[in-house]
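Contents: one structure, followed by commentary.
The values are calculated or read from the model by the stated rules, or taken from the named source; none is laboratory data. In this text, all values refer to a predicted model and were calculated from it rather than measured experimentally. Because the Cβ atoms are built from the backbone with ideal geometry, glycine has one as well, and the counts that use them run over all protein chains shown. With ligands, DNA and RNA removed, areas are computed over all heavy atoms of the protein, side chains included. Shrake-Rupley method; radii C 1.70, N 1.55, O 1.52, S 1.80 Å.
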Amino acid sequence: QVQLMESGGGLVQPGGSLRLSCVASGIIFSIDYMGWYRQAPGKQRELVAFIRSGSSANYADSVKGRFTISRDNAKNTMDLQMNSLKPEDTAVYYCNAGVKSWLGGTVRDYWGQGTQVTVSS
């Protein structure tokens, strides 16, 4: 059993910054991938950024140059540094991870509950 918990959301003015964090806890042998998704009101959930073990980070075109994803494998955590925020970044941001709980086990997909990010003046 694995749990993901996001933190760091809040209200910020356009041009401001926020740093989101995700912590994975529970029975964790290894984490194959971690990423961030977001969902704005009335819109579908979309991929923001993700990073796979041994690979470079990937970003949606809309956030390239403004957002930075990072991962601490030893602590099973992931951050999303968001700079130059725009009103269109307003959404609930979700942490996602693929976790293996034991040697020889399968990689299972987990989601956090989400954290609200509101960009408004």
Check: Do you know the Lys pair count in the chain for C-alpha distances under 30 Å, with sequence separation 8 or more or different chains?
Finding: 6
Notebook entry, point to check: Label points 7 Å out from Cα along the Cβ direction at Glu46 and Arg108: separation in nm?
Noted result: 3.1
Note to self: Tell me the accessible surface of Lys43 in square angstrom (1.4 angstrom probe, heavy atoms of protein chains only), to the nearest ten.
What the structure shows: 140
Check: Taking only protein heavy atoms and a 1.4 Å probe, what accessible area per residue, in Å², does the chain have with all protein chains in place?
Finding: 55
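Using Cα-Cα distances under 8 Å and only pairs 6 or more residues apart, what relative contact order does the chain have, in percent?
Rounded, it is 37 percent for the chain.
Report the convex hull volume per residue for segment 1-101, counting only C-alpha atoms, in Å³. Before the final figure, lay out the partial values.
Numbers: hull volume 9.6 nm³, N = 101.
It comes to 95 Å³ per residue, whole-number rounded.
Work out, step by step, the length gained on full extension between Ser84 and Ser7: first 0.36 nm times the residue separation, then minus their alpha carbon distance; give nm to one decimal.
On the way: separation 77, 0.36 × 77 = 27.72 nm, distance 1.91 nm.
Going from the current span to full extension adds 25.8 nm.
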Checklist line | Exposure ranking of Trp36, Trp111, Trp102 by accessible area [1.4 Å probe, largest first] | finding: Trp102, Trp111, Trp36
Item checked: Note, ³J(HN,Hα) from phi for segment 66-82, Karplus 6.51, -1.76, 1.60, rounded to Hz, x at Gly and Pro -> 10, 10, 9, 9, 9, 9, 10, 5, 5, 9, 6, 10, 8, 10, 10, 8, 10
Checklist line | Against the rule of thumb 2.2 N^0.38 Å, how large the Cα Rg of segment 22-76 comes out | finding: 1.26
